[in-house]
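Colleague: Have a look at this one before I ask anything.
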Amino acid sequence: MHIVCPECSKDHLVADEKLPAQKFNAICRGCAARFIVEVGSCPACNAKNQLGQPCPCGNGDKAEPLEVLQIIPDVEEPEDAGTASTEEEKLEVVEDDVDVPHLRPEFVQVREEHPLKFTGTGGEYFRIWIVNLFLTIITLGIYAAWAKVRTRQYFYNHTFCADEPFDYLADPLIILRGNLVIGGGFLLYSLSNAFSPPVSAAIALVFGVLFPYLVFKALRFLARNSAYRNIRFHFLGSVEESYITYLLLPILIPLTLGLILPYWGYRRKKYFFDNFAFGNRRNIFTGIPVDFYKIYIKAFVMVVLPVLVVGGLIAGMFIKGAAAEGMSGGIIALMVVAYIGFFLAFIFAQQYVYAKTTNYCWRYSSLGVVKFRSTLDAGQLMWIRMTNILALILSAGLLFPWTKVRQTKYVFEHFTVISYQGLPDFAAGEQDAEDALGEAAMDFFDFEIGL
Amino acid sequence: MLTLPLEQCVLTPPLGSSRRFLKFPGGERLQVDDPAVLAFFDDTLRSHLGLQWVHFIESHWRLVAACVAGLVVCVWALMAFALPHFAKKIALATPAGVMDRISDDTLKLLDNRFFALSELSPGRKAEVGKIFSTLCVDFVPSQGCNLVFRKGGTLGANAFALPSGLVIVTDELVDFAENNDELAGVLAHELVHVKERHGVRHVIQQAGVFMLISTLLGDMTSLTSLGSALPMMLVESGYSRQFEQEADENASRYFLEHDRSVQPYKDMLYRLTKDQQLPGVASFLASHPGAEERLQAIEAVERGD
């Protein structure tokens with residue numbers, strides 16, 4: 001359906017299945033105006049159309065892509081949705097409950113909650129992991145593709161929603177092909193790095209330019225090979241958006257002195273959340289950058305304050321130490337403490353941002369009549385992470401399967417799928433083949449596509 | 001009612017306690033729970049035979065323990081034998097043109113970062129050059145080699161060998177030597193590096209170790225980056241020390257074969273390294289073996305071990 005902004009007359013094309021309700025608030029990306037949209041239908045061609053607007057019969061395909069429009073859930077009295085501040089206060093108060101005011105009351109009555117269940121165990125995964133490693137080493141890396149599929153499958157198959165497991169369907173041969181290309185490229189890079197710095201710089205540059213494309217491919221591959229109830233997920237994001245998100249914005253970060261860092265975080269999340277689809281149903285993401293700024297600022301304060309305080313203390317000790325000789329032992333001890341403190345504060349800030357943004361993005365996502373709730377807690381994530389690191393160090397890595405299962409269990413079991421009509425029948429979307437180049441690259445360079 | 005031949009169906013491979021499905025050609029699937037039915041389909045369809053075999057290993061703790069042992073042995077064998085062996089083969093097959101380019105690039109890099117022009121007198125340079133050319137003919141007769149002088153700056157008394165046969169000696173090192181025999185020792189050491197192509201071998205081994213360690217720790221490194229940096233440093237410094245030891249030993253052997261004393265080289269080595277030994281730096285992290293270890297190894301050569 002075409003939606004025309006009353007302020008700047010910008011024409012946005014929104015897929016019909018993405019329309020959240022009969023009536024909703026929208027923000028124009030052209031001029032940032034907020035306005036109310038009411039869905040009607042064209043008397044001539046019967047297509048959905050915005051009330052009060054002429055129907056653009058015949059030229060529906062080539063309008064602007066839908067990223068230009070951001071839909072916010074309707075509130076009871078749309079007239080009051082006016083200023084941004086009242087809207088945000090509302091979001092703060094209802095933190096723990098997902099409200100779907102745009103849904104009609106008769107659907108709300110059949111609200112069902114399906115918490116994810118994770119049934120994997122450290123012992124079982126240990127055996128899969130160690131056999132995978134052994135076979136990968138003796139086949140000189142060839143088996144890595146099968147190992148990857150097996151690991152993913154294990155984690156997917158032990159994740160249940162409404163008693164049905166998820167499924168990972170990738171073909172190991174396709175992953176093997178991706179691995180060979182990326183592995184070969186990397187070998188070339190590391191050899192040329194020592195032999196011929198200009199060549200390796202050229203390779204790094206090519207990789208940097210290709211990176212957004214590889215992210216795009218990786219997300220497509222991952223989504224396409226993830227399934228639930230035998231219906232696959234899809235990723236509908238564009239290459240252009242990936243280049244803006246993963247090349248243009250990172251270049252702008254130093255130029256803006258890091259001020260767009262939260263916005264970058266927003267765009268990365270948006271790229272995933274606004275573009276994944278289950279079957280033929282696309283997810284709608286209604287998050288806004290302002291909320292990311294709030295989260296990042298809180299995290300920033302949490303790191304910078306302790307660092308300033310501890311840094312000040314150390315500076316004080318240095319001055320004292322210079323006055324009284326022989327204090328060096330104490331200063332070194334204090335520096336170690338300060339370093340650990342900074343390290344912990346940094347990890348905590350990281351976990352805080354991860355937990356808050358993840359919760360936020362799921363909260364402002366809806367897959368048709370299905371909503372989500374993620375209730376990650378930064379403190380608990382921090383505890384799990386620190387104890388996991390300790391366990392890895394003490395066990396020389398052997399407890400890795402246990403730590404991974406533990407972390408996954410925590411994240412998944414704090415995730416709930418909320419449905420307002422029972423889990424609806426999603427239809428499968430069209431499927432074409434996809435190569436695993438991006439997947440292999442992301443895997444190699446430890447890129448995380450945050451769930 | 002739809003009938004289709006069983007051969008067109010595929011049973012998903014067994015994986016831990018995961019559910020298994022019979023997949024039909026049209027994309028539909030049927031969950032199969034009954035072990036007897038699963039066994040029947042496994043026997044009839046024989047799909048994913050390799051992965052069934054993998055599952056068999058995974059479900060027996062003894063076989064898993066054997067995999068742990070096998071893994072340790074394989075990793076050790078790869079790092080201790082296979083990788084150095086193949087690195088040597090590749091290094092010996094590396095064309096001279098490639099090595100010339102590498103060396104030119106490296107020299108430019110060192111010049112930009114550390115070195116200044118040499119301030120040695122032409123006479124002294126010629127003297128050292130003469131020692132070098134004699135050694136050069138003996139060590140690498142088939143390959144040309146070159147000696148260049150630079151002021152070492154922060155690198156101090158030092159010598160470097162580049163793959164093409166280019167040996168760099170710092171002014172500080174020439175001044176540090178008490179006599180020409182001491183200098184000959186150091187130059188012989190560097191020429192062993194050239195002869196054995198240690199530089200190229202080291203780079204290849206480094207890349208190999210990186211691939212190996214990232215395969216082993218691939219999933220873990222997101223937790224601790226130090227976790228992968230540390231083992232890598234351990235292995236690399238191990239290789240580096242092996243090459244240094246080989247250079248010491250071969251240089252000593254050369255002097256003994258030419259009825260010359262190894263003592264000047266030992267003296268030089270002792271004076272060069274005694275100041276560098278930092279207390280508390282673990283020897284397994286150092287790129288060169290400790291002074292005493294090196295001297296002992298050279299003495300072992302002298303005794304004819």
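The values are calculated or read from the model by the stated rules, or taken from the named source; none is laboratory data. As the structure is a prediction and not an experimental result, all values here were calculated from the model. Using ideal geometry, Cβ is built from the backbone for each residue, glycine included, and neighbour counts are taken over all protein chains shown. Protein only, heavy atoms only, side chains kept; ligands, DNA and RNA dropped before computing areas. Shrake-Rupley method; radii C 1.70, N 1.55, O 1.52, S 1.80 Å.
Colleague: Could you check how many residues of region B:74-98 are touching a residue at least 40 places away in the same chain (Cβ under 8 Å) and open to solvent by 60 Å² or more (accessible area, probe 1.4 Å)?
Modeller: Residues meeting the conditions: 5.
Colleague: So, one more: Within the set of pairs 6+ apart or on separate chains, which have a first residue in region A:112-139 that is within 7 Å of chain B (Cβ to nearest Cβ), a second that is open to solvent by less than 20 Å² (accessible area, probe 1.4 Å) and of a type in the set (D, E, K, R), and C-beta atoms under 8 Å apart?
Modeller: What qualifies is A:Arg127/B:Glu58; A:Ile128/A:Arg150; A:Ile128/B:Glu58; A:Val131/B:Glu58.
Colleague: Does B:Leu22 satisfy being open to solvent by less than 80 Å² (accessible area, probe 1.4 Å), away from chain A (no Cβ under 11 Å) and in a helix (DSSP H, G or I)?
Modeller: no
Colleague: Scan (1) of a type outside the set (S, T, N, Q); (2) within 9 Å of chain A (Cβ to nearest Cβ); (3) surrounded by fewer than 21 Cβ atoms within 10 Å (Cβ to Cβ) for the single condition B:Val200 breaks and write down its number.
Modeller: Only one criterion is unmet by B:Val200, namely (3).
Colleague: Check off (1) more than 9 Å from every other protein chain (Cβ to nearest Cβ); (2) buried (at least 17 other Cβ atoms within 10 Å of the Cβ); (3) not in a loop (DSSP other than H, G, I, E, B) for A:Ala170 and give me the number that stays unchecked.
Modeller: The number of the failed condition is (3).
Colleague: Is it the case that some residue within region B:165-176 is under 21 Å from the mean Cα position of the chain (by Cα) and outside any strand (DSSP E or B)?
Modeller: Yes.
Colleague: Quick one: in region B:45-54, of everything that is surrounded by 14 or more Cβ atoms within 10 Å (Cβ to Cβ) and either within 9 Å of another protein chain (Cβ to nearest Cβ) or of a type in the set (Lys, Arg) (or both), which residue is farthest from B:Lys23 (Cα to Cα)? Can you show your working first?
Modeller: Step one: list which residues in region B:45-54 are surrounded by 14 or more Cβ atoms within 10 Å (Cβ to Cβ), which gives B:45, B:47-48, B:51-52, B:54.
Filter once more, keeping what is either within 9 Å of another protein chain (Cβ to nearest Cβ) or of a type in the set (Lys, Arg) (or both): B:51, B:54.
Working: B:Leu51: 16, B:Val54: 21 Å.
Ranking the qualifying residues of region B:45-54, first place goes to B:Val54.
Colleague: A further question on this structure: Does B:Lys108 satisfy the condition of being open to solvent by 70 Å² or more (accessible area, probe 1.4 Å), closer than 20 Å to B:Val192 by Cα and of a type in the set (D, E, K, R)?
Modeller: no
Colleague: Here are B:Gly16, B:Gly70: which of them is outside any helix (DSSP H, G or I) and either of a type in the set (Val, Ile, Thr) or facing chain A (nearest Cβ under 10 Å) (or both)? First the steps, then the outcome.
Modeller: Working: B:Gly70 fails: outside any helix (DSSP H, G or I).
The conditions single out B:Gly16.
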